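Beneath this line is the structure, given in structure tokens, with notes to follow.
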Amino acid sequence: MTAEKIALITGANKGIGFATARRLGERGITILAGARDEVRGKQAAAALADEGVTAVPLRIDVTDPDRVSEAAREIERRYGRLDILVNNAGVAGGFTGTPGEATAADLREVYETNVFGVVTVTRAMLPLLRRSEAGRIVNLSSHLGSLTLNTDPESPVAGVNMIAYQSSKTALNAVTVAYAKELRGTPIKVNAALPGVVATDLNHHRGHRTPAEGAAIVVRLALLDEAGPSGQCLSDDGPVPW
Ligand code: NAP
């Protein structure tokens, strides 16, 4: 393996993304701190650098295909490859009604980032990941996206019915499986990480876990060795049914 790994984390300026950047950076991995806002990205990279992490800000709005392509060209120019892609950027969306009240636009708002954003970024970064000796893609999913848990009346998830966010994570799970199928037989592993309920801006800090705790499974999947799984959905406690 090439000495220095390169990791891109989207939405690295705060929350679980920032904690992931910190943890991967502590291991000597060069962090490309993706942020849609240039100032927030620079602040995050500076904060990581203060902690001794090699961090470079990278402006990347996952809903802007031109910007994503430009980011990929920038990575190619500077490093020639990418070893780890963490598709972390995500939104909860503004819709708070019942599923029956939701419009296609309510879902589209969330899908633009949580699903289509992942597709745009992955497509742009895949050629660079293919040049890595051990490419890893980690998609930030949620227990709330599991159809198995949603249809189990005993599950804590059964009482939550946020159609836009939850179905976006279900779609993301399907996208994760599709990439894993395509990349079977290559060194690239693709998995979905479930961070648990983490106190961040996304849920108005209603989670009981810290961003560092939530980032642990993301880091584990980003650093999987050759024997590790691909095409799975994992939390700290192990595989979670789709
Ligand atoms: P957060 O603190 O709100 O962070 C979300 C990050 O995504 C921010 O950096 C945000 O940037 C960025 N982002 C949003 N839209 C973007 C776009 N179009 N382009 C680029 N970046 C964008 O939330 P979080 O809880 O850490 O969430 C991180 C991921 O974990 C999400 O995918 C979320 O669905 C998932 N997750 C969270 C929990 C939880 O309990 N918190 C549980 C399961 C899964 P700005 O600062 O510019 O808004």
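The values are calculated or read from the model by the stated rules, or taken from the named source; none is laboratory data. The model shown is predicted, which means the values in this text are computed figures rather than measured ones. With ideal geometry, Cβ positions are generated from the backbone for all residues, glycine too; neighbour counts draw on all protein chains shown. For accessibility, only protein heavy atoms count, side chains too; no ligands or nucleic acids. Shrake-Rupley method; radii C 1.70, N 1.55, O 1.52, S 1.80 Å.
Worth pointing out:
- Condition met for residue 12 (assigned to a helix (DSSP H, G or I), surrounded by 15 or more Cβ atoms within 10 Å (Cβ to Cβ), among the aliphatic types (A, V, I, L, M) and modelled with pLDDT of 95 or more): no
- Only residues that are of a type in the set (S, T, N, Q) and either surrounded by 23 or more Cβ atoms within 10 Å (Cβ to Cβ) or in a loop (DSSP other than H, G, I, E, B) (or both) were counted in the stretch 15-36, giving 1.
- None of 149, 140, 221 is away from the ligand (no atom under 12 Å from the Cβ) and in contact with a strand residue (DSSP E or B) (Cβ under 9 Å, 6 or more places away or on another chain) except 221.
- Scope the stretch 37-69; condition open to solvent by less than 50 Å² (accessible area, probe 1.4 Å), assigned to a helix (DSSP H, G or I) and β-branched (Val, Ile, Thr); matching residues: 68
Residue by residue, here is whether (1) assigned to a helix (DSSP H, G or I); (2) surrounded by fewer than 20 Cβ atoms within 10 Å (Cβ to Cβ); (3) modelled with pLDDT of 95 or more holds:
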| residue | (1), (2), (3) |
| --- | --- |
| 86 | no, no, yes |
| 89 | no, no, yes |
| 93 | no, no, yes |
| 97 | no, yes, yes |
| 110 | yes, no, yes |
| 113 | yes, no, yes |
| 119 | yes, yes, yes |
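- Only one of the listed residues (123, 136) is over 17 Å from residue 230 (Cα atoms) and either of a type in the set (Lys, Arg) or open to solvent by less than 10 Å² (accessible area, probe 1.4 Å) (or both). That residue is 123.
Quick grid of which residues meet (1) under 18 Å from the mean Cα position of the chain (by Cα); (2) free of Cβ contacts under 8 Å to residues at least 60 places away in the same chain; (3) within 30 Å of residue 226 (Cα to Cα); (4) away from the ligand (no atom under 16 Å from the Cβ):
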| residue | (1), (2), (3), (4) |
| --- | --- |
| 164 | yes, no, no, no |
| 180 | yes, yes, yes, yes |
| 190 | yes, yes, yes, no |
| 197 | yes, yes, yes, no |
| 200 | yes, no, no, no |
| 210 | yes, no, yes, no |
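- Segments classed as helices (runs of 4 or more DSSP H), wholly inside the stretch 139-242, with at least 1 members that are acidic (Asp, Glu): 163-183, 211-222
- Considering 47, 102, 35, 72, the condition of being free of Cβ contacts under 8 Å to residues at least 40 places away in the same chain, more than 10 Å from the ligand (Cβ to nearest atom) and among the small types (Gly, Ala, Ser) is satisfied by 47 alone.
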